[in-house]
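Reading through the structure tokens given below for one structure.
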């Protein structure tokens, strides 16, 4: 019966990604044909690509939901991209351009959570996360963003600069700008206290069940 205490102890360990800020992102995708193939494109740019600016920020993309749609195939990665749609993706600024590209069939909506660190690059050019939707030919759906992005998060301060864009008038599909809400970061102390209480309860229950000496 030593397994349960060991599992609970492991849950008390800190997570690998220490996020400074978390955003919940949602957008309506009913305009996209449900049988079509599109791509989620998450790009993370290091500010300058200089060695002094690399490896100082991380992004975690999780809780991906597609409103009746589904991801398809395996994701493609460039640079510091890794993970999968079910467990979540990570992006690290290991080089100037880092990317996660995941094919999907659209549903009625698209939601995901973005947790990221917010270090300022010493070189003066900030890191930036960009999100776009690509069509089946890997072209971005035209938006009002500079690079046809739907969302950009620029790590230029605390909090970062968040910008959202809807599809442009020439786009074959009309998608409104995403909704972005800042989410509270879970308190490690609260989680630890809860798990500690569970562990204490388990040990007390075990003691009560033990035969009298």
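The values are calculated or read from the model by the stated rules, or taken from the named source; none is laboratory data. These numbers come from a predicted model, not from an experiment. Cβ: placed from backbone, ideal geometry, glycine included. Neighbour counts: every protein chain shown.
State yes or no: is residue 18 at pLDDT 95 or above and either touching a helix residue (DSSP H, G or I) at 6+ places or on another chain (Cβ under 9 Å) or more than 28 Å from residue 166 (Cα to Cα) (or both)? When the stated conditions are applied, residue 18 does not pass them.
For residue 102, the test of being in a strand (DSSP E or B) and either out of contact with any strand residue (DSSP E or B) (no Cβ under 6 Å at 6 or more places or on another chain) or touching a residue at least 60 places away in the same chain (Cβ under 8 Å) (or both) is passed. Under the condition of being touching a strand residue (DSSP E or B) at 6+ places or on another chain (Cβ under 7 Å) and within 18 Å of residue 111 (Cα to Cα), the residues counted in the stretch 37-90 number 27.
For the stretch 21-54, the set of residues classified as modelled with pLDDT under 95 and either touching a helix residue (DSSP H, G or I) at 6+ places or on another chain (Cβ under 7 Å) or part of a helix (DSSP H, G or I) (or both) consists of 47, 51, 52, 53, listed by residue number.
Within the stretch 139-161, is even one residue outside any loop (DSSP other than H, G, I, E, B), surrounded by fewer than 16 Cβ atoms within 10 Å (Cβ to Cβ) and either assigned by TED's automatic domain parsing to the domain that holds residue 25 or touching a strand residue (DSSP E or B) at 6+ places or on another chain (Cβ under 7 Å) (or both)?
Initially, the stretch 139-161 is screened for residues outside any loop (DSSP other than H, G, I, E, B), giving 140, 143, 151-154, 161.
Those still in the list that are surrounded by fewer than 16 Cβ atoms within 10 Å (Cβ to Cβ) too: 161.
From what is left, the residues that are either assigned by TED's automatic domain parsing to the domain that holds residue 25 or touching a strand residue (DSSP E or B) at 6+ places or on another chain (Cβ under 7 Å) (or both) are 161.
Yes, the stretch 139-161 contains a residue that is outside any loop (DSSP other than H, G, I, E, B), surrounded by fewer than 16 Cβ atoms within 10 Å (Cβ to Cβ) and either assigned by TED's automatic domain parsing to the domain that holds residue 25 or touching a strand residue (DSSP E or B) at 6+ places or on another chain (Cβ under 7 Å) (or both).
Restricting 121, 135 to residues that are closer than 25 Å to residue 179 by Cα, in contact (Cβ under 8 Å) with a residue 60 or more places away in the chain and assigned by TED's automatic domain parsing to the domain that holds residue 175 narrows the list to 135.
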